[in-house]
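Input: a single structure, listed below in C-alpha coordinates.
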Amino acid sequence: MDRLLDPSFVLGHMNYWLFVVLMMTGLYIVVARGNLLKKIVGLNIFQAAVFMLYISAGKVRGGTAPILTDNPGEAYSNPLPHVLILTAIVVGIATTALGLALTTRINEVYGTIEEDEILEIDHQETEREVAAILATSAQDSANA
(Lines give C-alpha, C1' and ligand atoms only; values in the text may rest on other atoms or scores of the structure.)
Protein backbone atom coordinates (compact mmCIF):
# COMPACT_ATOMS: atom_id res chain seq x y z
CA MET A 1 0.00 0.00 0.00
CA ASP A 2 2.88 2.38 0.72
CA ARG A 3 4.14 1.82 -2.80
CA LEU A 4 0.86 3.14 -4.29
CA LEU A 5 1.27 6.41 -2.39
CA ASP A 6 4.89 6.87 -3.44
CA PRO A 7 5.09 9.95 -5.73
CA SER A 8 7.63 8.35 -8.05
CA PHE A 9 5.28 5.38 -8.56
CA VAL A 10 2.31 7.64 -9.29
CA LEU A 11 4.27 9.86 -11.68
CA GLY A 12 5.91 6.85 -13.30
CA HIS A 13 2.51 5.49 -14.25
CA MET A 14 0.96 8.80 -15.31
CA ASN A 15 -0.08 7.46 -18.70
CA TYR A 16 -2.19 4.78 -17.00
CA TRP A 17 -3.82 7.36 -14.70
CA LEU A 18 -4.67 9.49 -17.74
CA PHE A 19 -6.03 6.39 -19.46
CA VAL A 20 -8.37 5.69 -16.54
CA VAL A 21 -9.54 9.31 -16.30
CA LEU A 22 -10.20 9.54 -20.05
CA MET A 23 -11.97 6.20 -20.16
CA MET A 24 -14.25 7.01 -17.23
CA THR A 25 -14.99 10.47 -18.67
CA GLY A 26 -15.95 8.98 -22.02
CA LEU A 27 -18.08 6.30 -20.39
CA TYR A 28 -19.86 8.88 -18.24
CA ILE A 29 -20.64 11.06 -21.25
CA VAL A 30 -22.06 8.10 -23.19
CA VAL A 31 -24.22 6.88 -20.31
CA ALA A 32 -25.34 10.14 -18.71
CA ARG A 33 -26.08 12.33 -21.72
CA GLY A 34 -29.15 12.09 -23.95
CA ASN A 35 -27.81 14.19 -26.81
CA LEU A 36 -26.67 11.95 -29.67
CA LEU A 37 -23.83 14.29 -30.65
CA LYS A 38 -22.47 14.26 -27.09
CA LYS A 39 -22.64 10.46 -27.11
CA ILE A 40 -20.46 10.39 -30.23
CA VAL A 41 -17.95 12.70 -28.55
CA GLY A 42 -17.97 10.45 -25.46
CA LEU A 43 -17.28 7.39 -27.61
CA ASN A 44 -14.34 9.19 -29.24
CA ILE A 45 -12.89 10.10 -25.83
CA PHE A 46 -13.30 6.48 -24.70
CA GLN A 47 -11.65 5.31 -27.90
CA ALA A 48 -8.68 7.64 -27.39
CA ALA A 49 -8.21 6.18 -23.91
CA VAL A 50 -8.08 2.66 -25.33
CA PHE A 51 -5.50 3.83 -27.89
CA MET A 52 -3.37 5.21 -25.06
CA LEU A 53 -3.55 1.89 -23.20
CA TYR A 54 -2.42 -0.17 -26.17
CA ILE A 55 0.39 2.18 -27.11
CA SER A 56 1.58 2.27 -23.48
CA ALA A 57 1.60 -1.52 -23.35
CA GLY A 58 3.71 -1.71 -26.52
CA LYS A 59 6.46 0.59 -25.28
CA VAL A 60 9.51 -1.02 -23.73
CA ARG A 61 11.76 1.21 -21.61
CA GLY A 62 15.08 1.48 -23.37
CA GLY A 63 13.73 -0.39 -26.38
CA THR A 64 14.55 0.55 -29.92
CA ALA A 65 12.84 0.04 -33.23
CA PRO A 66 12.64 -3.66 -34.16
CA ILE A 67 15.50 -3.57 -36.64
CA LEU A 68 18.05 -6.37 -36.41
CA THR A 69 21.54 -5.27 -35.48
CA ASP A 70 24.75 -6.99 -34.41
CA ASN A 71 23.83 -6.69 -30.71
CA PRO A 72 21.82 -9.82 -29.75
CA GLY A 73 20.97 -8.49 -26.25
CA GLU A 74 19.27 -5.32 -27.50
CA ALA A 75 15.70 -4.68 -26.30
CA TYR A 76 13.05 -3.96 -28.90
CA SER A 77 9.69 -2.25 -28.63
CA ASN A 78 6.78 -4.31 -29.88
CA PRO A 79 5.45 -2.74 -33.10
CA LEU A 80 2.20 -4.75 -33.15
CA PRO A 81 0.19 -2.48 -30.80
CA HIS A 82 1.17 0.56 -32.84
CA VAL A 83 0.08 -1.10 -36.07
CA LEU A 84 -3.21 -2.20 -34.52
CA ILE A 85 -3.87 1.34 -33.31
CA LEU A 86 -3.33 2.73 -36.81
CA THR A 87 -6.02 0.36 -38.03
CA ALA A 88 -8.27 1.23 -35.09
CA ILE A 89 -7.90 4.95 -35.84
CA VAL A 90 -9.15 4.39 -39.38
CA VAL A 91 -12.08 2.31 -38.12
CA GLY A 92 -12.81 4.95 -35.47
CA ILE A 93 -12.93 7.72 -38.06
CA ALA A 94 -15.31 5.69 -40.21
CA THR A 95 -17.50 4.91 -37.20
CA THR A 96 -17.59 8.56 -36.18
CA ALA A 97 -18.50 9.61 -39.72
CA LEU A 98 -21.32 7.06 -39.82
CA GLY A 99 -22.57 8.19 -36.40
CA LEU A 100 -22.57 11.83 -37.48
CA ALA A 101 -24.38 10.95 -40.72
CA LEU A 102 -27.03 9.01 -38.78
CA THR A 103 -27.38 11.88 -36.29
CA THR A 104 -27.91 14.31 -39.18
CA ARG A 105 -30.55 12.04 -40.69
CA ILE A 106 -32.30 11.58 -37.32
CA ASN A 107 -32.35 15.36 -36.91
CA GLU A 108 -33.93 15.74 -40.36
CA VAL A 109 -36.66 13.20 -39.56
CA TYR A 110 -37.42 14.04 -35.92
CA GLY A 111 -36.26 17.65 -35.67
CA THR A 112 -34.14 16.86 -32.60
CA ILE A 113 -31.12 14.84 -31.50
CA GLU A 114 -32.21 14.46 -27.88
CA GLU A 115 -32.82 10.81 -27.08
CA ASP A 116 -35.80 11.42 -24.77
CA GLU A 117 -37.61 13.56 -27.33
CA ILE A 118 -37.03 11.00 -30.09
CA LEU A 119 -38.44 8.21 -27.91
CA GLU A 120 -41.48 10.35 -27.05
CA ILE A 121 -42.14 11.10 -30.72
CA ASP A 122 -41.84 7.37 -31.56
CA HIS A 123 -44.19 6.49 -28.70
CA GLN A 124 -46.81 9.00 -29.91
CA GLU A 125 -46.58 7.72 -33.49
CA THR A 126 -46.98 4.13 -32.30
CA GLU A 127 -50.07 5.07 -30.28
CA ARG A 128 -51.60 6.78 -33.34
CA GLU A 129 -50.87 3.76 -35.54
CA VAL A 130 -52.40 1.34 -33.01
CA ALA A 131 -55.49 3.56 -32.67
CA ALA A 132 -55.85 3.69 -36.46
CA ILE A 133 -55.52 -0.11 -36.74
CA LEU A 134 -58.10 -0.64 -33.99
CA ALA A 135 -60.48 1.83 -35.62
CA THR A 136 -60.07 0.10 -38.99
CA SER A 137 -60.66 -3.37 -37.51
CA ALA A 138 -63.70 -2.15 -35.58
CA GLN A 139 -65.11 -0.59 -38.76
CA ASP A 140 -64.45 -3.80 -40.72
CA SER A 141 -66.20 -5.93 -38.10
CA ALA A 142 -69.19 -3.54 -38.05
CA ASN A 143 -69.46 -3.74 -41.85
CA ALA A 144 -69.29 -7.53 -41.85
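Within segment 103-144, being free of Cβ contacts under 8 Å to residues at least 60 places away in the same chain, among the polar types (S, T, N, Q), surrounded by 10 or more Cβ atoms within 10 Å (Cβ to Cβ) and part of a helix (DSSP H, G or I) holds for T104, N107, Q124, T126, T136, S137, Q139. Of the helices (runs of 4 or more DSSP H) lying entirely inside segment 1-102, those containing at least 2 residues that are surrounded by 13 or more Cβ atoms within 10 Å (Cβ to Cβ) and touching a His at 6+ places or on another chain (Cβ under 9 Å) are 36-58.
Scan segment 55-111 for residues that are of a type in the set (F, W, Y) and at pLDDT 85 or above and jot them down.
Listed by number, the list holds a single entry, Y110.
The values are calculated or read from the model by the stated rules, or taken from the named source; none is laboratory data. Keep in mind that this is a model prediction, so the values were computed, not measured. Note that we place each Cβ from the backbone using ideal geometry, even for glycine, and neighbour counts take in every protein chain shown.
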